[in-house]
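The values are calculated or read from the model by the stated rules, or taken from the named source; none is laboratory data. This structure is a prediction, so every number in the text was calculated from the model and none was measured. Reconstructed Cβ throughout: ideal geometry from the backbone, glycine too, with neighbour counts over all protein chains shown. Just the protein is used for accessible areas: all its heavy atoms, side chains included, with ligands, DNA and RNA removed. Shrake-Rupley method; radii C 1.70, N 1.55, O 1.52, S 1.80 Å.
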Amino acid sequence: MSSMDSPMTVVEEDTCWGYLDTAEVGRLATSADNRPQIFPVNYVVDGLSVVFRTAPGTKLDEMVRNSAVAFEADGWSEQGGWSVVIRGTAEVITSPEELALCEKMPLRPWVPTVKKTWVRVQASSISGRTFAFGPEPTE
């Protein structure tokens, strides 16, 4: 199989952001006590970052201690899929002007809990791949 026939394709940065903008759920990866932790979050793309809401607890505590995070989202259909990973920094949004803009974002908690803390994951790098589904190759 030549590289032209590969079922996996690396995508450009702009395309990665476009894919992220089509999904609603991603996974935030951080480290707690030298152990990896992954949290599902619903999010929105805002410029070259993703924004989500959270409540006090493990996720927020760990981001305050260690702001280096990864964020991953993906999507798929019967024909194929995509996966995008951001590596960057998580920061709690505190600016009144930014918080006012966040309140206008189409982002509401899924479960009936109070999530008043807005967090931005600013990308230092982004990478993505698309995958074409199909039968297993034969020899």
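Among the conditions (1) of a type outside the set (Phe, Trp, Tyr); (2) over 30 Å from Ser6 (Cβ atoms); (3) touching a Pro at 6+ places or on another chain (Cβ under 7 Å), the only one that Arg27 does not satisfy is (2). Would you call Ala90 among the small types (Gly, Ala, Ser), in a strand (DSSP E or B), under 19 Å from the mean Cα position of the chain (by Cα) and more than 18 Å from Asp21 (Cα to Cα)? Considered against the rule, which asks whether it is among the small types (Gly, Ala, Ser), in a strand (DSSP E or B), under 19 Å from the mean Cα position of the chain (by Cα) and more than 18 Å from Asp21 (Cα to Cα), Ala90 comes out as yes. All conditions but one from (1) assigned to a helix (DSSP H, G or I); (2) surrounded by 12 or more Cβ atoms within 10 Å (Cβ to Cβ); (3) out of contact with any Gly (no Cβ under 9 Å at 6 or more places or on another chain) apply to Tyr19; the one that does not is (3). Among the residues of the range 59-68, is there at least one that is among the basic types (Lys, Arg), in a strand (DSSP E or B) and open to solvent by 30 Å² or more (accessible area, probe 1.4 Å)? No, the range 59-68 has no match at all. If you filter the range 93-107 down to residues that are at pLDDT 90 or above, assigned to a loop (DSSP other than H, G, I, E, B) and out of contact with any helix residue (DSSP H, G or I) (no Cβ under 7 Å at 6 or more places or on another chain), you find that the one that is least open to solvent (accessible area, probe 1.4 Å) is Ser95.
Among the residues making up the range 32-48, a single one is under 12 Å from Ile86 (Cβ atoms) and surrounded by 20 or more Cβ atoms within 10 Å (Cβ to Cβ): Tyr43.
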